[in-house]
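Structure first, commentary second.
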Amino acid sequence: MRGLMMDTQLTITGIMRHAELNYPDTEVVSVTADNPLHRYTYKDWFRRSRQLANALKKLGAVEDDCIATLAWNDYRHLELYYATSCSGMICHTINPRLFPEQVAYIVNHAEDKFVFVDLLVYKLMEALHTNLPSVKGYIILTDAEHMPETSLPNVYCYEDLIAAESDQFEWPDLDENTACVLCYTSGTTGNPKGVLYSHRSAVLHAYAGSLPSVLNLKTADVLLPIVPMFHVNAWGLPYAAPINGCKLVMPGPKMADGETLHFLLNSEKVTFSAGVPTVWLALLDYLDKENKSLDTLRRLTVGGAACPLSIIERFRDDYDVEVMQGWGMTEMSPLGTLFSLKAGMEDLSKDEKAQLQLKQGRGVFGCEMKIVDEDNNELPWDGVAFGALKVRGPWVCSAYFKADNTDSHDADGWFDTGDVANIDAQGYMQITDRTKDVIKSGGEWISSIELENIAVDHPDVTETAVIGRYHPKWTERPLLIVISHADSELNKADILKWFDGKVATWMIPNDVVFVDELPHTATGKLNKLSLRDQFKDYQFPDA
Ligand code: AMP
């Protein structure tokens, strides 16, 4: 027998309606290239989204069209999110920091019809537009006063474009499975792959993310998303904020600028923020150097890469801020796990708690996970057994956009994340490596991430990478690559000694190379593919 409840659709339009009625006066504060501090309310956000929807229609955009954005976190990008998706179009967010060839590949693969581009990025499009046959026009995200001279064809000024339009718009009734946003993965291997989210997946993900045991979002919260809106929808915060009525503070192009972040955090009374480890390190360094405090921030989320212990300890001890590590990926919208304590853990010492914060967190309802061995047999949750991490759930992708390749999913529909992990009896998951980065030494697995985490905690070390290199006796052994502080005299023996007692002796790297820089992907992750290429002829001294 079927239940007798209404089958209303879960759509982003529904979020917009709820937010406009319930929280019209909630603020959105943004830094943009043309305004150091723009301020308006939810009412303005959705009124202007309707003007933008009218403008898109007049330009000739129709349902299912991909509309590209190359933009930072600000109010115009929020308007684009809602105007496109709620019109039945697809907001295709593109990372402006990608290599130009990758941007061209992505625009052509998605067959984008219009490109909305930030004032700081339009020159990139000037260099590319002759190779983008599907694009009918470019809109620069600024006003008439700041509109640049440009060689782009069919170019419009965003503010002029929407000013001419009515603020009344009849949003279509969409099926909840309609596509809403397209985001390509960073692509450290091969071409980037498109992940196509639906209204339903975005709403469910934002619901789950808001829960008390996840991000614990309340109406009184003030959110500063430092994670970019072009990277997995800023982890869903542009949807979770209006569901809960939270004030939004958007850092625009200043995402890695400690001074601006500190200013926004204190002056706008931010209570919650989210970002990758690199931005937190930039902020901590600024705070330490300038002897500043954090007045209202009490919790933050770190994800996208493993969080070093130093970030957890420095925020805890110097600024009274709790760090919640989370894990996920573009294919998962992105949330899979997040740190929170369970009942009975209130009395853990701060060091015991930090050890749990160092893990990637506990599963969020809606995203199932399991670890499996090489034969796809499920492994126990004992904190010891580790294997390939697989997930499934309503906000996990079922296939890539316009791709026939299905080897990322098994016969039962589980998605292979490419991460290797263990899960303890309490449900805390710990990533030990990427499948391709694990070092296989004499048949035993060594976690490159574990070695990197230990090395980066050395006071003289800025950044590290560990890769496996050929060794005639062990097949592969770990090579440690280090950037040390400019004024340090750190040598090979010192850093290798640092590992004593922290890992089994046989896991300690065989050699160390000091470098001035390490290669990163456009989303700031270590590019191990490029590193392996750089060290392809390397030979261990003991080989
Ligand atoms: P992306 O799709 O670019 O967000 O990358 C997703 C990948 O980033 C995951 O599969 C992990 O390998 C890595 N990642 C994300 N969060 C974490 C974390 N907290 N700790 C370690 N690795 C992470």
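The numbered conditions (1) surrounded by 16 or more Cβ atoms within 10 Å (Cβ to Cβ); (2) under 17 Å from ILE67 (Cα atoms) are all true for LEU120 except (2).
For every residue, the table says whether it meets (1) at pLDDT below 95; (2) under 20 Å from ILE467 (Cβ atoms).
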site	(1), (2)
PHE386	yes, yes
ASP412	yes, no
PHE415	no, no
GLY418	yes, yes
ASN422	no, no
TYR428	no, no
LYS440	yes, yes
GLU444	yes, yes
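From the list ALA144, ALA104, the lone residue that is closer than 26 Å to PRO519 by Cα and modelled with pLDDT of 95 or more is ALA104.
Can you pull out every residue in the stretch 249-271 that is more than 18 Å from the chain's Cα centre (by Cα), closer than 15 Å to PRO36 by Cα and outside any helix (DSSP H, G or I)? Scanning the stretch 249-271 gives a single hit, GLU268. Contact map, the stretch 10-39: residues that are within 25 Å of ILE140 (Cβ to Cβ) paired with residues that are in a strand (DSSP E or B) and aromatic (Phe, Trp, Tyr), Cβ distance under 9 Å, separation 6+ or inter-chain. Pairs shown: VAL28/TYR40; VAL29/TYR40; SER30/TYR40. Within the set SER530, SER488, SER484, the sole residue that is within 30 Å of PRO228 (Cβ to Cβ) and surrounded by fewer than 18 Cβ atoms within 10 Å (Cβ to Cβ) turns out to be SER530. Hey, among the residues in the stretch 326-358 that are over 20 Å from the mean Cα position of the chain (by Cα) and of a type in the set (A, V, I, L, M, F, W, C), which one's nearest to the ligand (Cβ to nearest atom)? That would be LEU356.
Taken as a whole, the structure leaves LEU518 outside the set of residues that are modelled with pLDDT of 95 or more and closer than 30 Å to GLY303 by Cβ.
Return yes or no: is LEU496 farther than 30 Å from ASN177 by Cα, in contact (Cβ under 8 Å) with a residue 24 or more places away in the chain and surrounded by fewer than 18 Cβ atoms within 10 Å (Cβ to Cβ)? No; evaluated as a whole, the condition is false for this residue.
Given the structure, is GLY361 touching a Leu at 6+ places or on another chain (Cβ under 9 Å), at positive phi and within 16 Å of the ligand (Cβ to nearest atom)? So GLY361 passes the test. Only a single item in (1) within 30 Å of the chain's Cα centre (by Cα); (2) modelled with pLDDT under 85; (3) farther than 30 Å from TRP235 by Cα is not met by LYS473, and it is number (1). Against the list (1) closer than 30 Å to ARG200 by Cα; (2) buried (at least 20 other Cβ atoms within 10 Å of the Cβ), the condition LYS342 fails is (2). All conditions in (1) farther than 22 Å from THR278 by Cβ; (2) among the polar types (S, T, N, Q); (3) out of contact with any Ser or Thr (no Cβ under 8 Å at 6 or more places or on another chain) hold for SER448, with the sole exception of (1). Select from the stretch 443-459 the residues that are over 16 Å from LEU518 (Cβ atoms) and among the acidic types (Asp, Glu) and write down the one among them that is farthest from the chain's Cα centre (by Cα). Applying the filter and picking the extreme gives GLU444.
Of the candidates ILE483, ILE449, the single residue that is within 12 Å of the ligand (Cβ to nearest atom), in contact with an Asp or Glu (Cβ under 9 Å, 6 or more places away or on another chain) and in the same structural domain as ASP511 (by TED's automatic domain parsing) is ILE449.
Which one is farthest from PHE272 (Cα to Cα) among residues in the stretch 351-379 that are loosely packed, with under 12 Cβ neighbours inside 10 Å and not polar (S, T, N, Q)? Of everything passing the filter in the stretch 351-379, ASP375 is farthest from PHE272 (Cα to Cα). Condition (residue is near the ligand (Cβ under 10 Å from one of its atoms), of a type in the set (Phe, Trp, Tyr) and either touching a residue at least 60 places away in the same chain (Cβ under 8 Å) or surrounded by 21 or more Cβ atoms within 10 Å (Cβ to Cβ) (or both)) applied to the stretch 300-315: is it met by at least one residue? No. If you check LEU248, LEU237 for being crowded, with 20+ Cβ neighbours inside 10 Å, away from the ligand (no atom under 16 Å from the Cβ) and either basic (Lys, Arg) or in contact (Cβ under 8 Å) with a residue 24 or more places away in the chain (or both), only one passes: LEU248. When the residues of the stretch 253-298 are filtered to those that are within 16 Å of the ligand (Cβ to nearest atom) and touching a residue at least 60 places away in the same chain (Cβ under 8 Å), the one that is surrounded by the fewest Cβ atoms within 10 Å (Cβ to Cβ) is THR278.
Total residues in the stretch 369-425 satisfying the condition of being on the phi > 0 side of the Ramachandran plot and in contact with a Lys or Arg (Cβ under 8 Å, 6 or more places away or on another chain): the figure is 2.
In the set (1) farther than 23 Å from LEU300 by Cβ; (2) within 13 Å of the ligand (Cβ to nearest atom); (3) among the β-branched types (Val, Ile, Thr), VAL323 fails one condition alone, (1).
The values are calculated or read from the model by the stated rules, or taken from the named source; none is laboratory data. Every value quoted in this text rests on a predicted model; they were computed, and no experiment measured them. Glycine also receives a Cβ, built like all others from the backbone with ideal geometry; neighbour counts cover every protein chain displayed.
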